[in-house]
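Report on one structure; see the data block that follows.
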Amino acid sequence: MKDKHSARPLKKMFMAVPTSYDVLNRLLTFGFDEVWRKRAAKKILAGDPGRVLDLCTGTGDLALRLQRGALTGTEVTALDYSPPMLDEARRKAKKSGLSGIQFVEGDVADLPFNTAYFDAIGIAFAFRNLTYKNPDTAKFLSEIIRVLKPGGRFVVLETTRPVNCIMRWLMHAYLKYVTVPIGGWISGHRGAYHYLAHSAINYYAPEEVTALLLDAGFKRADYTLFLTGVAGLWVCRR
């Protein structure tokens, strides 16, 4: 029987976490990913939500920030479909002395949570994988809306298409000639980094991401751009 995830981008990379995964993220973004992730965590925790979800947590960077910044008693859950990624996230949480995060293996197309369970949901640098030429995009978005309370926030941190043409050219050149060869060489997963570069170069403009979110059923989708649109932060209301 064919694995239902087998056609999804980066499957092999996410199921075999290279030891260099986090290092490459910091190196290839010049550390900006952590700066922007901090901004995302603040938006997710605004208003002191009782239950928050880090969707597609990967190695847990956003979840750890949420746990550190949340009020005592806040329920922080981190979900991913890759057991190796979750193992690495648990290891990082333990090393950081953060014991309250609930790590859950699961599929965004069939989230293992009750309807209207979370006050806020966040996703950092994985929304593109859910929505770029993905046949399951509608199902992913409907499931996110289902488990989010009415009036709850969905916060998206993702690369996007820079507004400034010079910045756009620089970003595309960097992805093609730096990210792919260096990321592929160090990680041993050149194909995965080729996909990352290709999807980032061809991903939607900010207003297209906004339209996608509103068409899915969110009442509002306000965004802030970083470095003229190298990345964007969307705060959506259910």
query: Using the Karplus equation 6.51 cos²θ - 1.76 cosθ + 1.60 (θ = phi - 60°), what ³J(HN,Hα) coupling, rounded to whole Hz, does each residue of the range 105-112 give in order, writing x for Gly and Pro?
result: 7, x, 10, 4, 6, 8, 5, x
- prompt: Give me the Kirkwood hydrodynamic radius of the chain in Å, from all C-alpha pairs, to one decimal place?
  reply: 18.0
- line: So, with points 7 Å from each Cα along the Cβ direction, the Ala205-Glu34 label distance in nm works out to 3.5
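Please work out whether the range 65-127 counts as rounded, prolate or oblate from its C-alpha gyration tensor, where a ≥ b ≥ c are the square roots of the eigenvalues and a/c under 1.5 means rounded, while otherwise a/b larger than b/c means prolate and anything else oblate? Can you show the working numbers first?
Numbers: a/c = 1.79, a/b = 1.14, b/c = 1.57.
Because a/c hits 1.5 or more and a/b fails to exceed b/c, the range 65-127 counts as oblate.
Over the chain, what is the relative contact order in percent, taking alpha-carbon pairs closer than 8 angstrom and at least six residues apart? The partial results should precede the final answer.
Numbers: 416 pairs, mean separation 45.6, N = 238.
After rounding, I find 19 percent.
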- request: Wrap a convex hull around the Cα atoms of the range 133-238, take a quarter of its surface area, and give that in square nanometres.
  value: 7.2
- request: Specify whether the C-alpha gyration tensor of the range 46-160 places it in the rounded, prolate or oblate class, a ≥ b ≥ c being the square roots of the eigenvalues: rounded for a/c under 1.5, otherwise prolate if a/b is larger than b/c and oblate if not.
  value: oblate
- line: Pairs over 22 Å Cα to Cα, from Lys43/Lys149; Lys43/Lys219; Lys42/Lys149; Lys133/Lys219, come to Lys133/Lys219
statement: Between the alpha carbon centres of the range 58-88 and the range 188-230 the gap in Å comes to 22
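Based on DSSP H runs of at least 4 residues, each adding -39500 (n - 2.57), what is the mean residue ellipticity at 222 nm of the chain after dividing by all its residues, to the nearest 500 deg cm²/dmol? Write out the running numbers ahead of the final one.
Details: 11 runs with 107 residues, N = 238.
Mean residue ellipticity at 222 nm (helix-derived): -13000 deg cm²/dmol.
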query: Under a straight-distance cross-link criterion of Cα-Cα below 17 Å, which aspartates and glutamates are reachable from Lys38, leaving out those fewer than 8 residues away in the same chain?
result: Asp22, Asp48, Asp54, Asp61, Glu158
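Does the range 107-160 classify as rounded, prolate or oblate by the C-alpha gyration tensor (a ≥ b ≥ c root eigenvalues; a/c under 1.5 gives rounded; else a/b over b/c gives prolate, otherwise oblate)?
On the way: a/c = 2.36, a/b = 1.36, b/c = 1.74.
Here the range 107-160 falls in the oblate category.
Under a Cβ-Cβ cut-off of 13 Å, what is the net charge of the residues other than Thr224 that fall near it, where Lys and Arg count +1 and Asp and Glu count -1? Walk me through the numbers on the way to the answer.
Numbers: positive: Arg39, Lys42, Lys43; negative: Glu158, Asp222.
Here the charged neighbours net out to +1.
All of the numbers you see were taken from the coordinates with simple rules; none came from a lab. None of the values given here were measured: they were computed from a predicted structure. In this analysis, Cβ positions are derived from the backbone assuming ideal geometry, glycine residues included, and neighbour counts consider all displayed protein chains.
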